[in-house]
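Have a look at the structure below before the remarks.
The values are calculated or read from the model by the stated rules, or taken from the named source; none is laboratory data. Quantities reported herein were computed from a predicted structural model and do not represent experimental measurements. In this analysis, Cβ positions are derived from the backbone assuming ideal geometry, glycine residues included, and neighbour counts consider all displayed protein chains. Just the protein is used for accessible areas: all its heavy atoms, side chains included, with ligands, DNA and RNA removed. Shrake-Rupley method; radii C 1.70, N 1.55, O 1.52, S 1.80 Å.
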Amino acid sequence: LLQVLNEKKLQEVDSLWQEFETPEKANKIVKLKHFEKFQDTTEALAASTALVEGKLSKNLKKILKKIVAKDAHEQLAVADAKLGGVIKDKLNLSCIHSPMVTELMRGIRSQIEGLITGLPSREMAAMCLGLAHSLSRYKLKFSPDKVDTMIIQAISLLDDLDKELNNYIMRCREWYGWHFPELGKIITDNLTYCKCVRKVGDRSNFASSDVSDILPEEIEQDVKAAAEISMGTEVSEEDINNIIHLCDQVIEISEYRTQLYDYLKNRMMAIAPNLTIMVGELVGARLIAHAGSLLNLAKHPASTVQLLGAEKALFRALKTKRDTPKFGLIYHASLVGQSNAKNKGKISRMLAAKTALTIRYDALGEDTSAEMGAENRLKVETRLRLLEERGIRRISGTGKAVARTDKYQNKSEIKVFDPSGDSTLPAVSKKRKIQEVEEQDTEVAVKGKKFKAGKKEETTIENDEPVKKKKKKKDKEKQAKEEEVLSEEPPTSPMVEVR
């Protein structure tokens, strides 16, 4: 607790820092009035956390009560306005908080070693560092509920159980398949198959046993019918007992797996609720296990969160100078699975960015609500919807208009073949009116007369043509005869007149 000696110099806020350049100048402005040490780090941490939260600690309350009894008329300068309000309400002491007070506090911190005598600088630095670490741990609130080691062990055990269950079920189906091979094709569910084998045993017992609590009626009838005509080999009672014991193991492991999954789900909602909402409990637990802890995962950037689990593919792509992978463990998240192949890279990048924020909020935040995860998931879902709608926009018209896709409804209509479409002749009714018949007869008679007249004209023309041809032949024959006569007459000598 320090007392101000010269209040006039505090009025000049801009030049107040010059009064704290050296310890000698600082001692002229303020003077130490009361100093009380903390007994241990725990007491110092309690006082510091109370000051950070704006509360009044017990030791500070005792000191201020002593001062109130002596100097009740003086004002108390407080760096935190909230703390000043608490002191005023409880102790009825007037407190001030202004820019001048903050500047004064800054000068006191810079020269604290010169104002408080008897404290070596090395011890002061060690005390400040230890208190800072303790205060940071308190702020992060490392409670037993936030221990993520249980999540890492649970998800690893869950993966191991899945592998063992697959091996046991495959062995059970193959083993019992020698005795009753048709049962494996009828019952596809593994757990139901093992329950049915454990209850019935030998295939000859299917006809007399009741498995209605395990199988539906239709499948039960199919199993009984197949058991009567099965082609499997006969096995001994000892073999059946060993198969039943294996079925017991499969059922017990399956029940323990469901119990472990519920435990993992509850732990993930307690430790990382926002991460669980974003990517699901299984993917979130695998991310935490891959990083080592929730705090280590919070230190990773979004690009690393996106590729966690695909390190081999990343370095192989960098080595061969090919395209790097777009997702790792985050590929199994439900939001990435909902998108089509073209948008998986974009959605995984955006999901990794939002997931990195939720991881840091879960690891370092004081609030344990899941509102932030729900808001970020809604943003990613709207982005996914926009990307999918962009692919079905209309090409014509405005480019921003979205095509309306009506819901398809299957209309099963039975269409009968119409044979009338096969005939190319015009359809005429059998019963015709008398007038239509008479008109058609007159038309036929007129056409017949015209046809006969045309025939006669053609015959006359044809008869005239051969007469003309005969005349031409006769003229040619006459000319030929005259030429022959002229050629046969002897040449006559020219006549000569004698006088």
Residue in segment 328-336 that is of a type outside the set (Phe, Trp, Tyr) and at pLDDT below 90 present: no
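Take segment 185-196 and flag every residue that is under 38 Å from the mean Cα position of the chain (by Cα), free of Cβ contacts under 8 Å to residues at least 40 places away in the same chain and outside any loop (DSSP other than H, G, I, E, B).
Start the filter on segment 185-196 by keeping residues that are under 38 Å from the mean Cα position of the chain (by Cα), which leaves 185-195.
If we keep only those that are free of Cβ contacts under 8 Å to residues at least 40 places away in the same chain too, we end up with 185, 187-189, 192-193.
Matches in segment 185-196: 185, 192, 193.
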Selection from segment 328-355 of residues that are aromatic (Phe, Trp, Tyr) and either open to solvent by less than 60 Å² (accessible area, probe 1.4 Å) or in contact (Cβ under 8 Å) with a residue 24 or more places away in the chain (or both): none
Failed item, numbered, when residue 63 is tested on (1) open to solvent by less than 50 Å² (accessible area, probe 1.4 Å); (2) without any contact (Cβ under 8 Å) to a residue 60 or more places away in the chain: (2)
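What tally of residues in segment 197-219 results from selecting those that are open to solvent by 90 Å² or more (accessible area, probe 1.4 Å), part of a helix (DSSP H, G or I) and within 22 Å of residue 234 (Cα to Cα)?
2
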Residue 321 being out of contact with any Leu (no Cβ under 6 Å at 6 or more places or on another chain), of a type outside the set (Gly, Ala, Ser) and on the phi > 0 side of the Ramachandran plot: yes
The lone exception for residue 113 - which of (1) closer than 19 Å to residue 12 by Cα; (2) touching a residue at least 24 places away in the same chain (Cβ under 8 Å) it fails: (1)
Residue within segment 15-23 that is more than 30 Å from residue 138 (Cβ to Cβ), assigned by the TED database to the domain that holds residue 133, at pLDDT below 75 and among the aromatic types (Phe, Trp, Tyr) present: yes
Any pair with Cβ under 8 angstrom, 6 or more apart, that starts in segment 156-174 at a residue that is within 16 Å of residue 290 (Cα to Cα) and polar (S, T, N, Q) and ends at one that is open to solvent by less than 60 Å² (accessible area, probe 1.4 Å) and in a helix (DSSP H, G or I): 156/289
Residue in segment 78-95 that is within 26 Å of residue 128 (Cβ to Cβ), in the same structural domain as residue 128 (by the TED database) and in contact (Cβ under 8 Å) with a residue 40 or more places away in the chain present: no
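Residues of segment 155-180 being assigned to a loop (DSSP other than H, G, I, E, B) and surrounded by 17 or more Cβ atoms within 10 Å (Cβ to Cβ), which ones? Lay out the reasoning, then the answer.
The initial filter retains those residues of segment 155-180 that are assigned to a loop (DSSP other than H, G, I, E, B), namely 178-180.
The answer is 179, 180.
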Any hit, segment 141-153, residues being open to solvent by less than 50 Å² (accessible area, probe 1.4 Å), β-branched (Val, Ile, Thr) and in the same structural domain as residue 189 (by the TED database): yes
Residue 10 vs. criteria within 19 Å of residue 96 (Cβ to Cβ), assigned by the TED database to the domain that holds residue 112, open to solvent by less than 60 Å² (accessible area, probe 1.4 Å) and assigned to a helix (DSSP H, G or I): yes
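For segment 290-323, give me each residue that is outside any helix (DSSP H, G or I) and open to solvent by 70 Å² or more (accessible area, probe 1.4 Å).
Result: 321, 322, 323.
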Index of the failed condition, residue 131 passing every other in (1) farther than 30 Å from residue 22 by Cβ; (2) over 40 Å from the mean Cα position of the chain (by Cα); (3) touching a residue at least 60 places away in the same chain (Cβ under 8 Å): (1)
Close pairs from segment 249-264: first more than 20 Å from residue 285 (Cα to Cα), partner among the β-branched types (Val, Ile, Thr) and in a helix (DSSP H, G or I), Cβ under 8 Å, at least 6 apart: 250/169
Among (1) more than 42 Å from the chain's Cα centre (by Cα); (2) modelled with pLDDT of 95 or more, the one test that residue 239 misses: (2)
Residues that are farther than 18 Å from residue 102 by Cα and of a type in the set (Val, Ile, Thr), drawn from segment 13-35: 22
Residue 101, sole failed condition from (1) assigned to a helix (DSSP H, G or I); (2) open to solvent by 40 Å² or more (accessible area, probe 1.4 Å): (2)
